[in-house]
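Read the structure below first, then the notes.
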Amino acid sequence: MLFNLRILLNNAALRNGQRFVVRNFRCGQPLQNKVQLKGRDLLTLKNFTGEEIKYMLWLSADLKFRIKQKGEYLPLLQGKSLGMIFEKRSTRTRLSTETGFALLGGHPCFLTTQDIHLGVNESLTDTARVLSSMTDAVLARVYKQSDLDILAKEASIPIVNGLSDLYHPIQILADYLTLQEHYGSLKGLTLSWIGDGNNILHSIMMSAAKFGMHIQAATPKGYEPDPNIIKLAEKYAKENSTKLSLTNDPLEAARGGNVLITDTWISMGQEEEKKKRLQAFKGYQVTMKTAEVAASDWTFLHKIPCAGKHVQWKIIFNPRSSISSISYLESYVFMAVMVSLLTDYSPQLQKPKF
């Protein structure tokens with residue numbers, strides 16, 4: 001009786017000023033969850049255990065279920081403000097983060113290089129202290145990971161990495177949520193990366209083994225992942241009994257892979273290297289020939305629907321492509337990250353099988 005009463009109370013939401021609406025949803029076991037992320041920074045997934053990363057995905061699925069499927073209003077961030085530093089512009093990242101924070105009742109404040117002189121006229125230390133006094137958290141999309149590290153050191157509020165030269169954690173969490181929905185479980189999947197040894201690959205290497213996923217990555221010579229990240233990824237693979245394979249052969253990396261993943265060869269800030277990079281990455285385009293050596297249940301991941309030198313249009317528009325899902329789910333992942341870092345909320349949806 002008391003349990004049923006608690007469920008009813010937890011599902012009562014004041015809507016339209018006067019009317020109470022009781023929602024029904026699958027109730028998990030949040031009281032048994034021991035993960036506590038409140039107050040922490042999210043600079044890289046290497047700082048999080050497998051259970052903590054799974055918790056963020058669980059919370060993402062929970063918020064999507066309650067907001068999108070059940071139509072509930074969840075002002076979990078009411079009264080909270082978010083500073084959004086964007087040294088690098090992005091349509092999808094801005095929309096998914098700004099609208100997501102607002103949807104939960106919070107107030108996002110967008111700051112560009114014209115609004116904030118990060119490390120120039122205003123030191124990183126001063127910026128961190130000012131933002132700490134006026135906001136509850138900061139999302140920073142920057143060029144240098146070292147800037148994020150300084151902000152986190154000097155700030156008294158959570159700092160979230162929206163992208164840096166070394167890592168792109170929210171993007172990878174959105175990828176994992178996409179794969180979780182597609183395959184029903186992540187354990188045992190083989191991720192085949194073909195392209196640059198960049199921030200996205202680094203984020204995969206810092207987290208995939210913690211789910212029991214294998215990594216097969218192909219990069220051109222001279223464009224391999226960071227050596228320190230490789231060393232740590234090898235440690236994770238050994239601890240979790242997974243496979244980590246690094247090669248310069250795209251077909252070798254794709255062979256038997258469940259998930260084909262790539263990214264642009266020329267990121268923002270690398271325009272001067274265009275000619276050199278196009279030459280180095282010849283043969284690394286993801287095509288239907290690449291897919292032919294992959295597993296029979298292969299799917300393709302890419303953060304934006306942009307074909308070109310790095311991916312064939314036939315792959316982009318293939319029914320196996322999950323591009324649209326990633327863009328759509330990124331907002332819920334970001335909301336989950338902010339809710340976990342700023343509140344004591346526990347997921348109500350039954351925990352997915354990872």
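Listed values, structure above:
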quantity: Computed helical MRE - 222 nm, the chain, DSSP H runs ≥ 4 contributing -39500 (n - 2.57), nearest 500; calculated: -11000 deg cm²/dmol
quantity: Listed residues Leu260, Leu139, Leu111, most fluctuating in the chain (Gaussian network, C-alpha, under 10 Å); calculated: Leu111
quantity: Global form of the range 168-238, assessed from the alpha-carbon gyration tensor, a/c cut-off 1.5; calculated: prolate
quantity: Pairwise centroid distance, computed over Cα atoms, of the range 170-184 with the range 254-283, Å; calculated: 22 Å
quantity: Listed candidates (i) 18.3, 56; (ii) 20.7, 70; (iii) 22.5, 81 - label of the one calculated as Rg and Dmax of the Cα atoms in Å; calculated: (ii)
quantity: Relative intensity, log₁₀ I(q)/I(0), of the range 106-204 from a Debye sum that treats every alpha carbon as a point, q = 0.15, 0.19, 0.22 Å⁻¹; calculated: -0.71, -0.94, -1.12
quantity: With every protein chain in place, the chain: carbon and sulfur % of accessible area (1.4 Å); calculated: 51 percent
quantity: Most mobile of Ser331, Ser146, Ser132 in a GNM of the chain (Cα contacts under 10 Å); calculated: Ser146
quantity: Sum of side-chain charges, Glu273 neighbourhood, beta-carbon under 14 Å (Lys, Arg +1; Asp, Glu -1); calculated: +1
quantity: Cα shape, the range 152-289, gyration tensor, a/c 1.5 rule; calculated: oblate
quantity: Antiparallel DSSP beta bridges within the chain, percent to nearest 5; calculated: 10 percent
quantity: Rounded tilt (10° steps) of 50-63 against the dominant C-alpha axis of the chain; calculated: 60 degrees
quantity: Counted charge near Lys144, where neighbours are those whose Cβ lies closer than 10 Å (Asp, Glu -1; Lys, Arg +1); calculated: -4
quantity: Candidate residues Arg141, Arg255: accessible-area rank, largest first, probe 1.4 Å; calculated: Arg255, Arg141
quantity: Accessible area in square angstrom per residue, the chain, 1.4 angstrom probe; calculated: 46 Å²
quantity: Reachable lysines from Lys274, criterion Cα separation under 26 angstrom, eight or more residues apart if same chain; calculated: Lys88, Lys144, Lys221, Lys282, Lys289, Lys303, Lys309, Lys314
quantity: Long-range HN-HN contacts of Thr190 with modeled amide H, under 5 Å; calculated: His214, Asn258, Val259
quantity: Mean separation of Cα contacts under 8 Å (6+ apart) over length of the chain, as relative contact order %; calculated: 22 percent
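The values are calculated or read from the model by the stated rules, or taken from the named source; none is laboratory data. What you are looking at is a predicted structure, and each value in this text was computed from that prediction instead of being measured. When we count neighbours, we look across all protein chains shown, and the Cβ atoms used for this are built from the backbone with ideal geometry, even at glycine. Note: accessible area is taken over every heavy atom of the protein model, side chains too, but ligands, DNA and RNA are not part of it. Shrake-Rupley method; radii C 1.70, N 1.55, O 1.52, S 1.80 Å.
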